Every structure is written in structure tokens, then in C-alpha cells.
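Below: one structure, written as C-alpha cells.
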Amino acid sequence: MMSISYKKLFKLMSKKGIKKFDLHKSGISPTTVNRLVNNKDVNITTIIRLCELLDCQPGDIMECIKTD
């Protein structure tokens, strides 16, 4: 089984000096940010928005992790 990890997102945000609050100011809801923190599913529109904000590709902010 596979799950999604957004650890890369938060590393990239840290590198670029972007905080979770900045995501809220950019129109990403607190609920969605919480889902990202907890490695829960988010919609593709959110992934696209994050990529626009961070000037990156989806693989730069998320990865599939094999779980058992």
C-alpha cells in the first residue's frame, strides 16, 4: 500500500522562508494546511496552487511512500 508524504513541501517552504501562515494568506484554507501537515489527501487544485506559490513541480513537494 502507498501513502502520500508532504515532508518535501515543508522542507522547501523552510528553504524559501515561507511559513504556514503565508499559505493561509495565499488562499489555502487552514483545514487544507492541516491536511498537508498530517499527510492527508488534498485536491489537485491545491497541489497546483502550491506549485505556483513555490515555483516548483509536484514531485518537489510530495512523494509516495510505501506502507505496510
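Quick grid of which residues meet (1) at pLDDT 95 or above; (2) in contact with a Cys (Cβ under 7 Å, 6 or more places away or on another chain); (3) surrounded by 11 or more Cβ atoms within 10 Å (Cβ to Cβ):
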{"site": "LEU9", "(1), (2), (3)": "yes, no, yes"}
{"site": "LEU12", "(1), (2), (3)": "yes, yes, yes"}
{"site": "ILE18", "(1), (2), (3)": "yes, no, yes"}
{"site": "ILE44", "(1), (2), (3)": "yes, no, no"}
{"site": "GLN57", "(1), (2), (3)": "yes, yes, no"}
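Only a single item in (1) polar (S, T, N, Q); (2) in a strand (DSSP E or B); (3) farther than 22 Å from THR67 by Cα is not met by SER3, and it is number (3). Here's a check for you: in segment 35-68, which residue that is of a type in the set (D, E, K, R) and assigned to a helix (DSSP H, G or I) is farthest from SER3 (Cα to Cα)? Top of the filtered list is GLU52. SER5 passes every criterion in (1) open to solvent by 40 Å² or more (accessible area, probe 1.4 Å); (2) of a type outside the set (A, V, I, L, M, F, W, C); (3) touching a strand residue (DSSP E or B) at 6+ places or on another chain (Cβ under 6 Å) apart from (1).
Applying the set (1) part of a helix (DSSP H, G or I); (2) at pLDDT 95 or above to HIS24 leaves exactly one unmet item: (2). Return the residues of segment 36-59 that are touching a Ser or Thr at 6+ places or on another chain (Cβ under 7 Å) and either closer than 15 Å to SER14 by Cα or polar (S, T, N, Q) (or both); say none if nothing qualifies. Once the filter is applied, which keeps residues that are touching a Ser or Thr at 6+ places or on another chain (Cβ under 7 Å) and either closer than 15 Å to SER14 by Cα or polar (S, T, N, Q) (or both), segment 36-59 yields ASN39, THR46, LEU53.
The values are calculated or read from the model by the stated rules, or taken from the named source; none is laboratory data. Since this is a predicted model, take the numbers as computed values, not measurements. All Cβ positions, even for glycine, are placed from backbone atoms using ideal geometry, and neighbour counts span all protein chains on display. Surface areas here come from the heavy atoms of the whole protein model, side chains and all, with no ligands, DNA or RNA. Shrake-Rupley method; radii C 1.70, N 1.55, O 1.52, S 1.80 Å.
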